[in-house]
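Remarks on the structure that follows.
What follows is calculated from the coordinates using simple rules that are stated; it is not laboratory data. Just so it is clear, the model here is predicted, and its values are computed rather than measured. We place every Cβ from the backbone using ideal geometry, glycine too, and count neighbours over all the protein chains shown.
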Amino acid sequence: IISSARVTQINDVSPTVKKVCLKIEEEQMTFKAGQWLDFFIPALSTVGGYSMCSAPSQMLQNQSLSLAIKFSQHPPAHWIHNQCQVGSEVKVRVGGDFFYDPKPGQGDDLLLVAGGVGINPMLSIIQHVADLKSQGEMHENSVILLYSAKSLEELIFKVDLKQFCSMLLCSMFLYGRITQEVISSTLKEHFADSGRLQSYICGPSPMIDAMEQYLMSNGISNQQIHYEKWW
């Protein structure tokens with residue numbers, strides 16, 4: 001489904017990242033926590049692709065969603081940072097096989113690993129888990145977030161993450177760089193039964209490759225590791 005959408009809010013969440021809120025016209029459009037959006041801008045032939053940072057419930061409740069886009073010279077990102085304004089009209093389409101959508105009563109332990117704006121789908125997943133638990137549709141589980149960025153000011157959504165982590169009894173750890181030692185100690189301290197673990201990774205491709213290797217060297221199988229490479 002391709003839907004028209006209107007920008008309802010745009011603001012800075014770091015020196016290089018803008019959060020954009022969209023009102024979606026198509027009432028049948030939904031998404032799963034972790035998925036991304038094709039972003040079609042009038043007069044631009046290049047299509048943008050950005051992960052949602054909002055919960056699926058926000059879409060169901062008021063037909064809106066949120067994105068956080070880092071500045072770059074890529075035409076869609078450049079347009080968002082320099083020309084986009086409240087009232088701008090775009091078109092969008094949901095896509096991607098990277099998502100967390102557990103069955104009722106399912107209770108996977110989750111290790112979420114994010115680099116930079118790779119936090120977007122993780123924030124969506126954390127909010128979705130919080131919604132499921134508040135509705136009694138998910139058993140108790142362990143949720144650990146490892147989040148890295150080049151600088152403290154680029155660690156976006158810290159306040160939101162702390163709020164949801166508090167609700168979930170989720171632990172969040174902030175790093176400049178996530179090493180193999182960090183992965184090994186996290187698994188040992190928080191995931192005694194690694195068979196229940198599902199790990200989601202989002203960030204630059206070299207980081208994803210490294211995290212996958214670190215997890216596999218600690219006995220985590222390919223089937224338990226989920227990622228999507230963007231850049």
Per the 1/(1 + (r/R0)^6) rule, R0 = 45 Å and r from the Cβ atoms of LYS103 and GLN180, FRET efficiency to 0.05 is 0.85
All Cα pairs of the range 109-227, percent lying beyond 26 Å | 13
Compute the acute angle (0 to 90°) between the alpha-carbon long axis of helix 119-134 and the principal axis of greatest extent of the alpha-carbon atoms of the chain; round to the nearest 10°.
-> 70
Give the angle, between 0 and 90 degrees and rounded to the nearest 10, that separates the Cα long axis of helix 180-190 from the longest principal axis of the Cα atoms of the chain.
-> 70
Any chance you could check the Cα centroid distance between the range 67-103 and the range 115-155 for me, in angstrom?
-> 19
Simple Cβ-charge dipole of the chain, Lys/Arg +1 and Asp/Glu -1, about Cα centre, in debye nearest 20 | 440
Highest to lowest packing among 8-17, 52-61, scored as the average C-beta count within 10 Å | 52-61, 8-17
In which sequence would VAL20, VAL86 go, from the one with the fewest C-beta neighbours within 10 Å to the one with the most?
-> VAL86, VAL20
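Could you sort the peptides 129-138, 111-120, 42-51 by per-residue average Cβ neighbour count (10 Å cutoff), highest mean leading? Kindly include the intermediate steps, with their values, before the conclusion.
Values: 129-138: 16.8, 111-120: 26.1, 42-51: 15.0.
Ranking, from highest mean packing down: 111-120, 129-138, 42-51.
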How big is the convex hull of the Cα atoms of the chain, per residue, in Å³?
-> 119
Ascending count of other beta-carbon atoms within 10 Å, so fewest first, for ARG196, ARG177 = ARG177, ARG196
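Percent relative contact order of the chain, based on C-alpha pairs within less than 8 angstrom and at least six residues apart? Present the calculation step by step, with values, prior to reporting the outcome.
On the way: 466 pairs, mean separation 44.7, N = 231.
That works out to 19 percent.
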Any of LYS91/LYS133; LYS18/LYS103; LYS23/LYS103; LYS18/LYS188; LYS23/LYS229; LYS158/LYS188 with alpha carbons more than 31 Å apart? Name them for me.
-> LYS91/LYS133; LYS18/LYS103; LYS18/LYS188
In degrees, nearest 10, the alpha-carbon axis of helix 205-217 is tilted away from the dominant principal axis of the alpha carbons of the chain by 20
So which residue, out of GLN28, GLN163, GLN127, gets the largest mean-square fluctuation from a GNM of the chain using Cα contacts under 10 Å as springs?
-> GLN28
